[in-house]
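Here the structure comes first, spelled out in structure tokens, and everything after it is commentary.
Nothing in this text is a laboratory measurement; each read-out follows from the coordinates by a stated rule. Keep in mind that this is a model prediction, so the values were computed, not measured. Cβ: placed from backbone, ideal geometry, glycine included. Neighbour counts: every protein chain shown.
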Amino acid sequence: MELDLYISFTRYLTTFVFSFFVYQFFASLANYYQIRDRNILWPAAMCISTACYCFVFAFNTHFINQKLSDFILIIFWICAYSSFYCYLRTVEVYFGHTVKGFSFAKTFCLFFVAVQVICSFTTLAFDFNFLFDKHNYVKDNLFAQTMHFYVSPNLLAKGLGGLGAIVVFYSCTMVWLELNRLRKRERLLRLGIIISFLVVLNDSLLGLEVTGAILPLYYFGNAFEAVRFNIYYRHLSYRKMYNLESEVIRLSKIAQFGFAAASIAHDIKNHIFIIKNSIDRLIRGRVLNHEETYLSIDKHTDKITEITNLYMDVFKKNTNSDKSDTTIKNVVEEALELVTIKFREAGVKLDVDISDFDLRCNPTEVTICLVNILKNTLEEVSPEGKYESPWVRIKTDANKRKLSIVDCGSGVINVSKQELFMLGYTTKGSAGGHGIGLAITKELLGRAGFKLDLDRNELNTTFVIDF
């Protein structure tokens, strides 16, 4: 092969592979941001270190000066063994446990990289390279001429390089045996192991100067693994997204049914009590004005129908998530219509301080969320004797587009925010509560693009919604 053809082939091949690993690197980062698992950073590190190997390889086909060209040979080794270390960690993450025999391999990789880093420092600072010897001629092989090397590995470098090749062979064997033990077919990983054997053998012969007419192909050893690991984590990412979407839909349905049923039951029980009491009096003949009693029964029956229709309308509208333009004042007023009587009956003062601002949302969803929070605060402050003059305050900040619901309590203590908004968690214990209200409210607001939080910086219990 002619030198010019060799250089062109080397340059374009490594540039192509560099682009491939950069893409795999960003794919790994995308998986990380979806799953938020730090272990996914290992395949990302493997890809970016392999990409760096390819970059310096392609870069060195362009001659700038001799010192830089010789120095890049050290960078080759740093990138190669950094990449293999990340590969070992990635395999362990994929298997979910430490692989037997990897401890020495990982230690050797770190040691080898440290030696190369020290060598690079002494080369730059003192012009002392203790791994490579200088010579005054261009070696008569394509690789050395393409890379413009005027250095050769000494006995120490050859010894470390040979041991490194043995470590790679041994580690690949351990991965193959582990795949067999776990009965995993994993064609891509097995193919990657075979390729790793071949390319490390190729690069060892090249690095130890047994031959100089072949290309360093180490980067191909990680190509199949990079694809396989990104497919694996992308699958986990999609599954998590699907589970989250299914959970939101499920929670929304629970919110709809739970809110409608609980609200109807709470609001009609007083009317049912009056109707039952009137019927009992009629049966026992204790009614002097029958017509007035019948009108009272009819009135409260109509009231039950009215309340039921009201909440069923809210329930039906909530199935439609279409957004519309409204104001925070309108939404708060709709919520107040549903809770004001309850506050009055419980003897809890309800203050409202609204600075209005425009809002684009599903008004019914936000109304339900406000009612859930208000009912939650009412249940916390209304027990007799708990507070001398219980109160709840609703206030908004138009500049910050925030709504705060504050009660006279001293805050939620000994409970993390994550627990507080968790489905099924309740502070009421056996006294009641199913732990649905706040969890559903946070889910609904999050789905609408808003944020519900507990402000622990305030003296009183304060829930804040950011719009």
Proxy exposure order for Arg284, Arg344 (fewest C-beta within 10 Å first) is Arg284, Arg344
For Asp133, distant residues with modelled amide H under 5 Å away | Ser152, Asn154
Based on the Cβ-Cβ distance of Leu3 and Arg187, what FRET efficiency does E = 1/(1 + (r/R0)^6) give at R0 = 35 Å, to the nearest 0.05?
-> 0.40
Sequence-distant or interchain residues sharing an amide H contact under 5 Å with Val392, placed H: which?
-> Lys349, Leu350, Asp351
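Taking the Cβ-Cβ separation of Ala114 and Trp176 as r and a Förster radius of 35 Å, what is the calculated FRET efficiency to the nearest 0.05? If you can, show how the numbers build up before the last one.
Details: r = 28 Å, r/R0 = 0.81.
Using R0 = 35 Å, I get an efficiency of 0.80.
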What whole number of Å gives the distance from the Cα centroid of the range 7-41 to the Cα centroid of the range 385-402?
-> 51
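Within a 10 angstrom radius of the beta carbon, how do Asp356, Asp453, Asp407 rank from fewest other beta carbons to most?
Listed from fewest to most nearby Cβ atoms, that is Asp356, Asp453, Asp407.
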For the range 3-243, how big is Rg over Rh, using alpha carbon atoms and the Kirkwood form of Rh?
-> 0.99
Listing Ser152, Ser246, Ser83 from the residue with the fewest other Cβ atoms within 10 Å to the one with the most, what is the order?
-> Ser246, Ser152, Ser83
Summing Lys, Arg as +1 and Asp, Glu as -1, what charge do residues with Cβ under 14 Å from the Cβ of Thr10 carry, Thr10 excluded?
-> -2
Output the pairs from Lys184/Lys240; Lys323/Lys400; Lys276/Lys329 with a Cα-Cα distance over 31 Å in this structure; if there are none, say none.
-> Lys276/Lys329
